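S.K.: Here you go, one structure.
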Amino acid sequence: MPDQVLQLRGVRKRFGDLEVLKGIDLEVAKGEVVCILGPSGSGKSTMLRCVNLLEPPEEGEILLEGQDICRGPGSGTGEQSWNLDFVRQRVGMVFQQFNLFPHKTALQNVTLAPEKVLGRSAAEARERGTALLERVGLGDKLAQYPERLSGGQQQRVAIARALAMDPHVMLFDEVTSALDPELVKEVLDTMRELAEEGMTMMVVTHEIGFAREVADRVVFMDGGVIVEQGKPADVLEHPREERTQKFLGLVLDR
Amino acid sequence: MSQFFNQYFNFDVMREHFGEVLVGFLQNLLVFAVAAVLALALGLFLALLRQLPGKKLMPIRFLTIAYIDFFRAVPILIIILMISGGVPFLSFLPQEVRIPHWFGRPDPFWYGVAALVIVYGAFSAEVYRAGIEAVPRGQMEAARSLGMSHFQAMRHVVVPQGVTKIPAPMLNELISLLKDTTLVSVIALSESVLVSREVLSERLNSSSLTLTAIFFVIIILPLARVVDKLIARQQLKVTRGSHIEVA
Amino acid sequence: MSRTRLAALLAVFLVAISAVAVAGCGGSDSTTGEGTSAGGGGEPLTVGSDIPYPPFEQGKSGSYTGFDIELMEAIGEKIGRTPEFQDTSFETIFRDVAQGKFEAVISAATITEEREKEVAFSDPYYLSEQAILVKEGSGVGGIEDLEGKTVAAQQGTTGLELGKEKANAGELRPYPEGPDAINALKAGTVEAVIIDQPVAQNAVEEEGGVEISESVPTEETYGIALAKDNTELLKEINEGLSEVISDGTYKTIYEKWFHKEPPKQFLG
């Protein structure tokens, strides 16, 4: 279907002897917000990292806008630069540990990749970058270094930085798990706005409330497979599978 | 006891030969300056080679690691003697390379520099590596996720952060290099140790060697203090907010 | 204790043990009586020498040979002592014998005023010349021709002194060992070597590729060096030397190593 931005088929990934993804089938439509829940070790992060080829899968297909990014031209020989460029300029990622560049200001963090990778002029990059940082509410922090920003502020810079590359899909890997509780809201609010603007998002998270309110679809993973998925109301209120029930029971404290 | 004092601290001997020992010491400094610049460059080159990613480039990484391991292990004296004993006989090299007299410096100078660069290139490569590897992996991942190539990520994100960890250990290597310039005396470069030994056999007195030692101490002690201060300062630095330790 | 730490400690321990063992068993340079064939069978006599310096002293520990070695052994036989040779660096050899590191030094050592301030010398046992050694066919001439050239000599020798005084060399390079200077000549990194005539001759005959461009008579003589206060031993050695000369042993040894008759003063 032309509407599918992402299609994962039979994706398997192992680390040494340990098989972390045991055959993942998943589709994400344009503009869809998919929240992925599950216990640690379920493979949620690994799946995200396969999508932007930080961890190339052993088996399976990943179609990004119809192109198989696991087997493009020059496949089978180490790093496939065609694929990587294609993927990483369409897929943005925000990390649990922020990974801001400490030797650069907030604005420089946002403008670095557009300048060096997309070849934008310094002025253009700065203009766009400023707009993005204002959009995430940090217009007054352009010249600050990450060490002077709170965790929540840093994460919002990270979001702006990823957005600066005009991605078609945004991946969020437990982006609030490392934050102090009072800083979580500002990041989730930013993500909510992004979703409302129609960004296609895959969000690995523990924030059930966010999933319930913002997600179009909730996916529950455990032991390297997708156990069940569906509308948030369905999966979260009336989980069909026992494993889902157990997990939600623990998380929601029922 | 006074015999000891006379043998090592005869000020007359020191005074009379001060000039020639000083000139010799300047040779040490010159060897050091040339070798240091080249070794630092070679080390960075090797360190970057070693970081090249991908299965295809494995042979390059392997060779680089082999070079570094080998030349960290072999004593410099052996390398110096092998170069000076062997290179002049390599008939396929042109005369100016076999017996170099570049910039007016005699061939032992260049054999010595070559040996020191070969070995200290390996040592400094390891210092660079430690600096680069101290940069959290997440930095590379973030840069790559933003679409930067490996080279761009190294150049703009990893290496600039890596270099801050480098000065203290690198300075230690350089101090070591300065002392090791004395090894070139064994192939008859007129540096301070050789000159001192000449004085020793002439005057039957070791005070010239003491004088040489003093020269080295005067130069190196302040540098060693700088290293100590750099290390202390780094310990105090708070982790910057680029990443958070996840329990 | 973690396994890594244990392994590291073990490694250090093993290295230390082996070092002690090797040092104890036989790392010393002195020949403990073996290989010094001729010998009075008497008390050992410690003798320092800078080995190798062919044809005066050469060979491996335990089987040293050379003119100096055999002469010393012959003298030893006359005075009832067995020489034990210690390889030692030439530049400190006089200081060492003055301080008692060994009892005597025979090492192609020229008797000079400067040296006589620190040590005592026996009667002369050899009349020496310096030679300019050059690469065969290089066309480099004698001492005057050395102007502006790169010249080598051994550290602390009279050859080096001669170079400083007479040759207006572009660079005068002192090597720790005589053979190093000759190797440098063969490698082409120096253009001439100033060294004792017999050593140069030996290089011409044994190694080839080099020739003597000039012999510079210097009226220098070699002597056996002893600590100044060792007058008793000095007397004995001079007597021994005298006997060796008068009974023709000297002539035999001389002809063996230098392939010619010794000068008149050393004929019996």
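For (1) in a helix (DSSP H, G or I); (2) of a type in the set (Asp, Glu); (3) more than 22 Å from C:PRO52 (Cβ to Cβ), each residue gets a yes or a no:
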site	(1), (2), (3)
C:VAL193	no, no, no
C:VAL199	yes, no, no
C:GLU211	no, yes, no
C:THR218	no, no, yes
C:ILE237	yes, no, yes
C:GLY240	yes, no, yes
C:GLU243	yes, yes, yes
C:LYS251	yes, no, yes
C:GLU255	yes, yes, no
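S.K.: Can you tell me which residue within region A:89-110, out of those that are surrounded by 24 or more Cβ atoms within 10 Å (Cβ to Cβ) and outside any loop (DSSP other than H, G, I, E, B), is nearest to the other protein chains (Cβ to nearest Cβ)?
M.R.: Among those that are surrounded by 24 or more Cβ atoms within 10 Å (Cβ to Cβ) and outside any loop (DSSP other than H, G, I, E, B), it is A:MET93.
S.K.: Please go through region A:111-129 and pick out each residue that is assigned to a helix (DSSP H, G or I) and either more than 10 Å from every other protein chain (Cβ to nearest Cβ) or surrounded by 22 or more Cβ atoms within 10 Å (Cβ to Cβ) (or both). Steps first, answer last, please.
M.R.: Of region A:111-129, the ones assigned to a helix (DSSP H, G or I) are A:111-116, A:122-129.
Residues satisfying the conditions are A:THR111, A:LEU112, A:ALA113, A:PRO114, A:ALA122, A:ALA123, A:GLU124, A:ALA125, A:ARG126, A:GLU127, A:ARG128, A:GLY129.
S.K.: Given the residues B:LEU40, B:LEU26, B:LEU52, which is the only one that is within 30 Å of B:ILE187 (Cβ to Cβ) and surrounded by 15 or more Cβ atoms within 10 Å (Cβ to Cβ)?
M.R.: Values: B:LEU26 fails: surrounded by 15 or more Cβ atoms within 10 Å (Cβ to Cβ); B:LEU52 fails: within 30 Å of B:ILE187 (Cβ to Cβ).
Exactly one of B:LEU40, B:LEU26, B:LEU52 is within 30 Å of B:ILE187 (Cβ to Cβ) and surrounded by 15 or more Cβ atoms within 10 Å (Cβ to Cβ), namely B:LEU40.
S.K.: While we're on this one: Report those strands (runs of 3 or more DSSP E) wholly inside region C:65-178 carrying at least 3 residues which are more than 14 Å from chain B (Cβ to nearest Cβ) and aliphatic (A, V, I, L, M). Outline the logic, then answer.
M.R.: On the way: elements: C:81-87, C:119-121, C:126-135, C:150-154, C:171-175.
Those strands (runs of 3 or more DSSP E) span C:126-135.
S.K.: Return the residues of region B:87-100 that are within 23 Å of the chain's Cα centre (by Cα) and surrounded by fewer than 15 Cβ atoms within 10 Å (Cβ to Cβ); say none if nothing qualifies.
M.R.: B:VAL97
Residue-by-condition table, conditions (1) surrounded by 19 or more Cβ atoms within 10 Å (Cβ to Cβ); (2) among the acidic types (Asp, Glu); (3) at pLDDT 90 or above:
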site	(1), (2), (3)
C:SER61	no, no, no
C:GLU73	yes, yes, yes
C:GLY100	no, no, no
C:ILE106	yes, no, yes
C:SER122	yes, no, yes
C:GLU147	no, yes, no
C:ALA153	yes, no, yes
C:THR158	yes, no, no
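S.K.: Can you name every residue in region A:15-57 that is among the charged types (D, E, K, R) and either in a loop (DSSP other than H, G, I, E, B) or closer than 17 Å to A:MET202 by Cβ (or both)?
M.R.: The initial filter retains those residues of region A:15-57 that are among the charged types (D, E, K, R), namely A:17, A:19, A:22, A:25, A:27, A:30, A:32, A:44, A:49, A:55.
Hits for region A:15-57 are A:ASP17, A:ASP25, A:GLU27, A:LYS30, A:GLU32, A:LYS44, A:ARG49, A:GLU55.
S.K.: Return the only residue of A:ALA131, A:ALA125, A:ALA106 being free of Cβ contacts under 8 Å to residues at least 24 places away in the same chain and among the aliphatic types (A, V, I, L, M).
M.R.: Numbers: A:ALA125 fails: free of Cβ contacts under 8 Å to residues at least 24 places away in the same chain; A:ALA106 fails: free of Cβ contacts under 8 Å to residues at least 24 places away in the same chain.
Answer to the selection: A:ALA131.
S.K.: Going by what's in this entry, would B:ILE68 be described as more than 14 Å from chain C (Cβ to nearest Cβ) and modelled with pLDDT of 90 or more?
M.R.: yes
S.K.: Looking only at region A:133-170, filter to residues that are of a type in the set (Gly, Ala, Ser), in contact with a strand residue (DSSP E or B) (Cβ under 9 Å, 6 or more places away or on another chain) and part of a helix (DSSP H, G or I); which one of those is surrounded by the fewest Cβ atoms within 10 Å (Cβ to Cβ)?
M.R.: Narrowing region A:133-170 to residues of a type in the set (Gly, Ala, Ser): A:137, A:139, A:143, A:150-152, A:158, A:160, A:162, A:164.
Filter once more, so that each one left must be in contact with a strand residue (DSSP E or B) (Cβ under 9 Å, 6 or more places away or on another chain): A:158, A:162, A:164.
Narrowing the set further to residues that are part of a helix (DSSP H, G or I) leaves A:158, A:162.
On the way: A:ALA158: 27, A:ALA162: 24.
Looking at the filtered set, the residue picked out is A:ALA162.
S.K.: Here's something else I'd like to know. So which residues in region A:30-43 are surrounded by fewer than 24 Cβ atoms within 10 Å (Cβ to Cβ), on the phi < 0 side of the Ramachandran plot and in contact with a strand residue (DSSP E or B) (Cβ under 8 Å, 6 or more places away or on another chain)?
M.R.: Result: A:LYS30, A:GLU32, A:VAL34, A:PRO39.
S.K.: Kindly establish whether A:VAL187 is crowded, with 21+ Cβ neighbours inside 10 Å and either of a type in the set (Phe, Trp, Tyr) or not in a helix (DSSP H, G or I) (or both). Walk me through how you get there before you give the answer.
M.R.: Numbers: crowded, with 21+ Cβ neighbours inside 10 Å: yes; either of a type in the set (Phe, Trp, Tyr) or not in a helix (DSSP H, G or I) (or both): no.
Against the criterion (crowded, with 21+ Cβ neighbours inside 10 Å and either of a type in the set (Phe, Trp, Tyr) or not in a helix (DSSP H, G or I) (or both)), A:VAL187 does not qualify.
The values are calculated or read from the model by the stated rules, or taken from the named source; none is laboratory data. It should be emphasised that the depicted structure is a prediction, and the values quoted were computed from it without experimental measurement. FYI the Cβ positions are ideal-geometry reconstructions off the backbone, even for glycines, and counts take in every protein chain you see.
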